[in-house]
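Below you'll find the structure, written out as structure tokens, and then a few comments.
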2 protein chains.
Amino acid sequence: MNEVAEDVGEERPLRADAARNREKILTAASRVFAERGLDATLDDIAEAADVGVATVYRRFPDKDALVLALFEDAIDELAALAARAAASENSWEGFVSFLEVMLERQCDNRGLRDVFTGSPYAQERMEAAKQRIGPAFSALIARAQADGYLRSDVNEGDILAIEMMISSLGGAKGGDAALWRRYLAIALDGLVVRREWTRELPPSPSLEVIIAALHVSKGVHRPHAKPHAG
Amino acid sequence: MNEVAEDVGEERPLRADAARNREKILTAASRVFAERGLDATLDDIAEAADVGVATVYRRFPDKDALVLALFEDAIDELAALAARAAASENSWEGFVSFLEVMLERQCDNRGLRDVFTGSPYAQERMEAAKQRIGPAFSALIARAQADGYLRSDVNEGDILAIEMMISSLGGAKGGDAALWRRYLAIALDGLVVRREWTRELPPSPSLEVIIAALHVSKGVHRPHAKPHAG
DNA sequence: CAGGATCCGGAGGACATCGCTCCACTTGTT
DNA sequence: AACAAGTGGAGCGATGTCCTCCGGATCCTG
């Protein structure tokens, strides 16, 4: 528990409406960042919160502070989950379940994914937070390898890379399961030592779904669309 | 072979210096798009070509035309390669070799990757060009499945998705081989029916390399960096 | 319920970027 | 030499982003 832009102790309690607005801002920011990623404007967030931009800037000195308030704890929670997974009874299940948690959260939340790909917002603190996942993550992998589940010729960087590659497809749905479940299953079949330890593939998507997912995965900005072409 | 913004037949041969500049522009554009993706500015390209912006716009009516001139043939060549792979003796080798070609080109060329993720430049023609790969691609997969190499519970959308996910890591090098080779190998181990049909993993990268690759993979734009914070 | 501290909203300033054009000047060609 | 063809780069207009200003509304205290 840290205090980033929280009200600092008891120094000056917020006025009722201000506190209310602060919550509205956090709620809206959480939603907007999740949907559109960290590139979303504070203006966008203000609008979504049904609040003026100035109100946002009064409560959070800048975008970094807002990002920090929203994501630092989320990352620490992931670190805790990694630690729990590393201590789970079956090392393979721990390994898989942590990948699932990471993917689920990153795919549901473009903002979180942006944090992991190293977006420039609140960079230092975020980098530090991410490193707090490291030890448990390494342990998770080492144990799954020591127990003969995870192939021994991969390292933690590989797992990270694979996790990020899969999450790059975003949270698109094909059938009723998210696509990442399917590609995680395939990746695990490539990572596990014996295939029979893995599960069946989740339902398959249509080609259209894939293509749509690829289109959105690279961000949704249209680049200026020819202003005065006469 | 099409003529996009080429000199139209014999109608008006370009002046010597103009023709020279046209080549310089194409060369520079090819390099700049490959390095920085289709978001690169025509101003960037002009600078790289050591030529004024106007010269670029005189030779290519707009960015779309330049993109088209550079990438349409490249995509048609990929279609031809897909057809050749689909006709190769061993269907698994054909399948793998086509994936390798796609990945190699997309990782060496951010612009080409942008085309495949559906960038808005020259969209229609590019979409049409990409569809010309489709039939051979499907055949490739169907044959690898029919021959019992490729697992039967995946479809062409899956393969496309996997190919794009891997290429999202870009052409970063870890050791001396490009990273995509390693992750393609793992993916193939998850896709093949019997593991002994696949090769060993290419050399492993360090964690730093992976992290660096993730950082660049999402584009290199710094978002404004706090202009007047006083 | 008065009065002051606190907070609000949204217009807009400062700056950046991008696609593209204008036009005074230079160069190639005949 | 003469003229068409070509050149470069300042700069226009549109768009986008971060953040501030300030007249007015709102809350809380006494």
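Structure values in brief
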{"quantity": "Segment A:Trp197-A:Ala87, extension gain: residue separation times 0.36 nm, minus the distance between their alpha carbons", "calculated": "37.6 nm"}
{"quantity": "Per-copy distances of the A:Asp73 label point, shortest first, in nm (7 angstrom along Cα→Cβ)", "calculated": "5.9"}
{"quantity": "Chain-alone versus full-assembly comparison, the stretch B:94-133, residues with accessible loss of at least 40 Å² (1.4 Å probe)", "calculated": "B:Thr117"}
{"quantity": "Relative contact order %, the stretch B:16-60, counting alpha carbon pairs below 8 Å whose residues are six or more apart", "calculated": "40 percent"}
{"quantity": "The stretch A:176-182 - phi-based ³J(HN,Hα) in whole Hz, Karplus 6.51/-1.76/1.60, Gly and Pro as x", "calculated": "10, 9, 5, 4, 4, 4, 5"}
{"quantity": "Of all accessible heavy-atom area on chain A, the percent that carbon and sulfur account for (1.4 Å)", "calculated": "51 percent"}
{"quantity": "When the convex hull of its Cα atoms is projected in every direction, mean area for chain A (nm²)", "calculated": "16.8 nm²"}
{"quantity": "Area accessible to solvent at A:Asp39, 1.4 Å probe radius, in Å²", "calculated": "100 Å²"}
{"quantity": "Cβ-vector label at 7 Å, A:Gly148, separations to other copies in nm", "calculated": "2.8"}
{"quantity": "For residues of A:152-162, the mean tally of beta carbons on other chains within 10 Å", "calculated": "6"}
{"quantity": "Mean residue ellipticity (222 nm) of chain A, computed from DSSP H runs ≥ 4 via -39,500 (n - 2.57), nearest 500", "calculated": "-19500 deg cm²/dmol"}
{"quantity": "Simple Cβ-charge dipole of chain A, Lys/Arg +1 and Asp/Glu -1, about Cα centre, in debye nearest 20", "calculated": "580 debye"}
{"quantity": "Along chain A, longest interval not containing exposed trypsin sites (Lys or Arg not before Pro), exposed being DSSP loop plus at most 12 other Cβ atoms within 10 Å", "calculated": "A:16-193"}
{"quantity": "For the stretch B:16-60, diffusion coefficient by Stokes-Einstein and Kirkwood Rh (Cα), 37 °C, 0.692 mPa s, µm²/s", "calculated": "325 µm²/s"}
{"quantity": "Rounded to 10°, Cα long-axis angle of helix A:207-217 versus longest principal axis of chain A", "calculated": "50 degrees"}
{"quantity": "Tilt relative to chain B, helix B:134-146 - C-alpha long axis, 0 to 90 degrees, to 10", "calculated": "10 degrees"}
{"quantity": "Pseudo-label separations to other copies for B:Ser97 - Cα-to-Cβ vector, 7 Å, nm", "calculated": "4.6"}
{"quantity": "Cross-link partners of B:Lys173 among aspartates and glutamates (Cα-Cα below 17 Å; sequence separation of 8 or more within a chain)", "calculated": "A:Glu156, A:Asp158, B:Glu35, B:Glu100, B:Glu104, B:Asp108, B:Glu208"}
{"quantity": "Degrees between helix A:156-167 axis and first principal axis of chain A (Cα, 0 to 90, nearest 10)", "calculated": "60 degrees"}
{"quantity": "Length-normalised contact order for the stretch B:71-217 - Cα pairs under 8 Å, 6+ apart - percent", "calculated": "24 percent"}
{"quantity": "Anisotropy class of the stretch A:124-200 from Cα gyration tensor, a/c 1.5 cut", "calculated": "oblate"}
{"quantity": "Residue of B:Leu14, B:Leu26, B:Leu78 that the Gaussian network model of chain B assigns the largest fluctuation, springs spanning Cα pairs under 10 Å", "calculated": "B:Leu14"}
{"quantity": "Between A and B, accessible area buried - total, square angstrom, nearest 100, 1.4 angstrom probe", "calculated": "3700 Å²"}
{"quantity": "Part-to-part distance (alpha-carbon centres) for the stretch A:81-158 and the stretch A:21-64, which is given in Å", "calculated": "28 Å"}
{"quantity": "Residue range of chain A that is longest and free of GluC sites (Glu not before Pro) which are both DSSP loop and sparsely packed (at most 13 other C-beta within 10 Å)", "calculated": "A:90-199"}
{"quantity": "Karplus 3J(HN,Hα) series, Hz, for the stretch A:32-45 with 6.51 cos²θ - 1.76 cosθ + 1.60 (x for Gly, Pro)", "calculated": "5, 4, 4, 7, 10, x, 5, 6, 4, 7, 5, 5, 4, 5"}
{"quantity": "Gaussian network model of chain A, springs between alpha carbon atoms under 10 Å - residue of A:Ala128, A:Ala161, A:Ala16 with greatest fluctuation", "calculated": "A:Ala16"}
{"quantity": "Quotient of Cα Rg and 2.2 N^0.38 Å for the protein assembly as shown, N being how many residues it contains", "calculated": "1.08"}
{"quantity": "Chain A residue with Cβ closest to the axis mapping A onto B, distance in whole Å", "calculated": "A:Gly190, 2"}
{"quantity": "Accessible area expressed per residue, the stretch A:17-67, with surrounding protein chains retained (probe 1.4 Å, Å²)", "calculated": "47 Å²"}
{"quantity": "Shape of the stretch A:77-193, Cα gyration tensor, a/c cut at 1.5", "calculated": "oblate"}
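The values are calculated or read from the model by the stated rules, or taken from the named source; none is laboratory data. Because the structure is predicted, anything quoted here is derived from the model rather than measured. FYI the Cβ positions are ideal-geometry reconstructions off the backbone, even for glycines, and counts take in every protein chain you see. To get the accessible areas, we keep the full protein, side chains included, count just its heavy atoms, and leave off ligands, DNA and RNA. Shrake-Rupley method; radii C 1.70, N 1.55, O 1.52, S 1.80 Å.
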